[in-house]
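Participant: Would you mind keeping the following structure in view while I ask a few things?
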Amino acid sequence: MSSIAFAFLITVAVGGVLYVFIYPMISGEKRAEQRLKEISVDEIQAKRGGRKTADVAASRRQQVEDTLKQLEAKQKNAKNPPIEVRLQQAGLSISKRQFFLFSGVAGLISFVLMYLSGMGLFLAIPAGIAGGFGIPRWAIGYMRKKRENKFIMELPNAIDVIVRGVKAGLPIGDCIRIIANETSEPVKGEFRLIAEGQAVGMSLSDSAQKLYERVPLPEANFFGIVLAIQQQAGGNLSEALGNLSRVLRERKKMSAKIKAMSMEAKASAAIIASLPFAVMTLVYLTSPGYIELLWTTPTGRVLMAGSAVWMLMGVLVMRKMINFDF
């Protein structure tokens, strides 16, 4: 009886040992616990990696936002540049002193011509002020506008040169030097300044942002923004500049459409503005004594000056109505 009990106890002990050590392996519980541990570790690493990726994306977004804010601030400051910057934007190499000297000479000539023509001091003094302050600045504005139009016409071709060069494996600095040597003015000179800025240690984005200060156009600002964002956030430069080139060409098409649609209004404004001068010329040719009262009598001079002011106001209003900003 004792031997049977002893065998039973041995059997139970061996079964317990087998159940503790062998059964988890057979049933897969140990593999399940190991798998759960691996999954937990993977989830922790994924969360850490996702957090790092989100932090990097947030940092890039913040860098891009800061860059855009800086560019917007520069754009606001460029609306009223000093006279030195205006001379540079017009493509003139004269100094500020030379400009004021030219303005004084122009004002003096206008005053002398009006006074010697018998208009008197009442009209000679305003003519001298207009000749000294208005005519030189109008000339600078006209030259700057003409230079900006040439720049707009050539800029998409220059960007296409950069796109093709980058796709071919050339560094962007070499592409800019190609533009500085092969294209026409004013794009040639502006990109030469960008290349010179890189040569003295400036970054490409900073040199491109200087372009907007010399050529205050949205197209030049777009070019600087694309390069600044690409440098901050990375990405495919050829694709970004290719999209910019297409945008610039579409803007040029839109400008041409707006110009064509507003030509009728411009022609009407030109005819209305020229009618008083045409009528005065015809009356002078047919009845000189009748029209001469306007500049031989004080009352006629006052009436002619008032008419000139009202005509100028009408021309400016019509110009504001037919000029579209987009």
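Participant: Would you please list the contacts, defined by Cβ atoms under 6 Å and residues six or more apart or on different chains, that run from a residue in segment 102-117 that is within 27 Å of LEU87 (Cα to Cα) to a residue that is of a type in the set (A, V, I, L, M, F, W, C)?
Facilitator: ALA106/ILE135; SER110/ALA127; PHE111/ALA124
Participant: Looking at the structure I just gave you, is GLY289 small (Gly, Ala, Ser), outside the structural domain of LEU116 (by TED's automatic domain parsing) and over 46 Å from the mean Cα position of the chain (by Cα)?
Facilitator: Criteria met by GLY289.
Participant: Let me ask something else. Within segment 151-246, which helices (runs of 4 or more DSSP H) (wholly inside it) include 1 or more residues that are of a type in the set (Phe, Trp, Tyr), assigned by TED's automatic domain parsing to the domain that holds LEU87 and surrounded by 19 or more Cβ atoms within 10 Å (Cβ to Cβ)?
Facilitator: Those helices (runs of 4 or more DSSP H) span 187-199, 204-214, 218-233.
Participant: While we're looking at this one, here's another question. Of (1) over 30 Å from ALA195 (Cα atoms); (2) touching a residue at least 12 places away in the same chain (Cβ under 8 Å); (3) surrounded by fewer than 17 Cβ atoms within 10 Å (Cβ to Cβ), GLY300 satisfies all except one. Which?
Facilitator: With respect to (1) over 30 Å from ALA195 (Cα atoms); (2) touching a residue at least 12 places away in the same chain (Cβ under 8 Å); (3) surrounded by fewer than 17 Cβ atoms within 10 Å (Cβ to Cβ), GLY300 is out only on (2).
Participant: Okay, next question. Do we find that GLU264 is surrounded by 11 or more Cβ atoms within 10 Å (Cβ to Cβ) and either charged (D, E, K, R) or over 30 Å from CYS175 (Cα atoms) (or both) in this structure?
Facilitator: Criteria not met by GLU264.
Participant: Something else about it: Going through segment 141-182 one residue at a time, which ones are over 20 Å from the mean Cα position of the chain (by Cα) and aromatic (Phe, Trp, Tyr)?
Facilitator: Matches in segment 141-182: TYR142 only.
The values are calculated or read from the model by the stated rules, or taken from the named source; none is laboratory data. Just so you know, these numbers come straight off a predicted model, no measurement behind them. Glycine gets a Cβ as well: all are built from the backbone with ideal geometry, and neighbour counts include every protein chain shown.
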